[in-house]
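Chemist: There's a structure below that I have some questions on.
The values are calculated or read from the model by the stated rules, or taken from the named source; none is laboratory data. All figures in this text were calculated on a predicted structure; none of them were measured in a lab. Cβ atoms come from the backbone with ideal geometry, glycine included; neighbour counts cover every protein chain shown.
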Amino acid sequence: MTNPQTHLNELIAHLAVLTDILALDADSHWGAHFHNCLTTARSLVGSSHDGEELAGLACSVMSVYGGMGSFNDYAPWQNGRCIAGMESLDEASNRVYMAARAIRLRNATDAD
C-alpha cells in the first residue's frame, strides 16, 4: 500500500508544473485555482493531517475538471495561436488529475 505522503508529494510535483505552465497565460483564472491547491497541498506536508483533509484537497483539485465552462474547456490561445510554452498543458493537467484521483481512491479504500 502506498504511503499517503507519497501521493501528496506526487500531487505537489504535478501541481507545481501545471501552475508554472498556467502562469504563461496572464489572462487565465485557472492558474489561481491550481496555485491555491498547491499552497494547500504544501501546507499538509509533514503535518498530522487526516484523510479528510487530503480528500478535501483532492476534491478541490478535481472539481474544475468536467462540465461546461470547466478547466477541460480551457484553450491557451492568444492572438489566434497557442501560447508558447503551453504544449505540455494537457499532459500536466492529466497528471494533476490522476494524482488527485489516486488520493481520493486511497482514502475511499481506507474508509472501508
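Chemist: Which ones in the range 1-35 are closer than 19 Å to G85 by Cβ and not in a helix (DSSP H, G or I)?
Modeler: A23, L24, D25, A26, D27, S28, H29
Chemist: Another question about this same structure. Need the failing condition index for T39 against (1) of a type in the set (V, I, T); (2) closer than 21 Å to R106 by Cα; (3) outside any loop (DSSP other than H, G, I, E, B), just the number.
Modeler: (2)
Chemist: Listed residues S93, S43, S60; which is among the small types (G, A, S), touching a Cys at 6+ places or on another chain (Cβ under 8 Å) and modelled with pLDDT of 90 or more? Quick ask: steps written out before the conclusion?
Modeler: Numbers: S93 fails: touching a Cys at 6+ places or on another chain (Cβ under 8 Å); S43 fails: touching a Cys at 6+ places or on another chain (Cβ under 8 Å).
Result: S60 is the single residue among S93, S43, S60 that is among the small types (G, A, S), touching a Cys at 6+ places or on another chain (Cβ under 8 Å) and modelled with pLDDT of 90 or more.
Chemist: Return the residues of the range 1-39 that are at pLDDT below 95, farther than 24 Å from N79 by Cβ, of a type in the set (A, V, I, L, M) and surrounded by fewer than 21 Cβ atoms within 10 Å (Cβ to Cβ); say none if nothing qualifies.
Modeler: M1
Chemist: Can you report the number of residues in the range 63-74 which are surrounded by 11 or more Cβ atoms within 10 Å (Cβ to Cβ) and either assigned to a loop (DSSP other than H, G, I, E, B) or modelled with pLDDT under 90 (or both)? Spell out the reasoning first.
Modeler: So in the range 63-74, the residues surrounded by 11 or more Cβ atoms within 10 Å (Cβ to Cβ) come out as 63-66, 70-72, 74.
Right, trim to either assigned to a loop (DSSP other than H, G, I, E, B) or modelled with pLDDT under 90 (or both) and you get 63-66, 70, 74.
Qualifying residue count for the region: 6.
Chemist: Residue by residue through the range 85-97, note down the ones that are outside any loop (DSSP other than H, G, I, E, B), touching a residue at least 60 places away in the same chain (Cβ under 8 Å) and over 14 Å from C37 (Cα atoms).
Modeler: Step one: of the range 85-97, the residues outside any loop (DSSP other than H, G, I, E, B) are 89-97.
Remaining after also requiring touching a residue at least 60 places away in the same chain (Cβ under 8 Å): 89, 92-93, 95-96.
Hits for the range 85-97 are L89, A92, R95.
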